[in-house]
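Every number here is computed from the coordinates shown, using simple stated rules; none is lab data. It should be emphasised that the depicted structure is a prediction, and the values quoted were computed from it without experimental measurement. Please note: Cβ atoms are built from the backbone with ideal geometry, for glycine as well, and neighbour counts cover all protein chains shown.
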Amino acid sequence: MTLSVGEIAPDFELANQHGEPVKLSEKLSEKPVVLVFFPLAFSGICTGELCELRDNLSVFSDENIQLIAVSVDSKFTLKAWADQEGYEFDLLADFWPHGGVARQYGVFIEETGFANRATFVIGQDGKVVETIITAPGEARDFTAYRKALKLF
């Protein structure tokens, strides 16, 4: 079951593309978080979506909100992709246990072995204030992010 608005976001710790541990609760102690699950690095729709986030990073920073992306890729794959595309936000490796965090959020697709495209906007109290979830194969519309950020 996918995590819903009003529920407490499960805490987790994963390595980012630089191998540094990133813990959700620590990030939330600083400011709200937009947590973006995506299927796979280097894939067409995911690259398009994350490049749009990269190109609009000021939308998040202007609202004092942190952007964090998560996939089942290894930290090494995420580092290569971040370097290639110029991503300056955390890309977290939900590599082992494979898709463990995506499962906690209810967005892991067993048949494919990776997460659906799902975004959770999380307030500093740890509660989910908005979700953006699309059907497999469908990109998220950036206007949904703008609308979600207005909730703060």
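Work out from phi, with θ = phi - 60° and the Karplus expression 6.51 cos²θ - 1.76 cosθ + 1.60, the ³J(HN,Hα) of each residue of the range 122-135, listed in order in whole Hz, and give x for Gly and Pro.
Values, residue by residue: 10, x, 4, 7, x, 8, 6, 9, 6, 10, 10, 10, 10, 5 Hz.
Could you tell me how far the Cα centroid of the range 1-43 sits from the Cα centroid of the range 83-116, in Å?
9 Å
Please give the calculated 222 nm ellipticity per residue for the chain, where each DSSP H segment of at least 4 residues contributes -39500 (n - 2.57) and the sum is spread over every residue; nearest 500 deg cm²/dmol?
The helix contribution divided over the chain gives -8500 deg cm²/dmol.
Assuming a viscosity of 0.890 mPa s and a temperature of 25 °C, what translational diffusion coefficient in µm² per second does Stokes-Einstein assign to the chain, Rh being the Kirkwood radius over Cα pairs?
163 µm²/s
Looking at the chain only, what percent of DSSP beta bridges run antiparallel? Nearest 5 please.
Around 65 percent antiparallel, to the nearest 5.
Which of the listed residues, I109, A82, G123, is farthest toward the dipole's positive end in the range 12-125, when Lys, Arg count +1 and Asp, Glu count -1 at the beta-carbon?
It is I109, whose Cα lies furthest towards the positive end.
Do me a favour and compute the ellipsoid semi-axes for the range 54-135 from its Cα gyration tensor, root of five times each eigenvalue, largest one first, whole Å.
In descending order, the three semi-axes are 21, 19, 11 Å.
Counting other beta carbons within 10 Å of each Cβ, put R140, R54 in order, fewest first.
R54, R140
Does the range 1-43 come out rounded, prolate or oblate, given a ≥ b ≥ c as the square roots of the eigenvalues of its C-alpha gyration tensor, rounded meaning a/c under 1.5 and, failing that, prolate meaning a/b above b/c?
Oblate, since a/c reaches 1.5 and b/c is not below a/b.
I want to verify a result. In a Gaussian network model of the chain, Cα cutoff 10 Å, which of these has the top mean-square fluctuation: N56, N16, N116?
Fluctuation is largest for N56.
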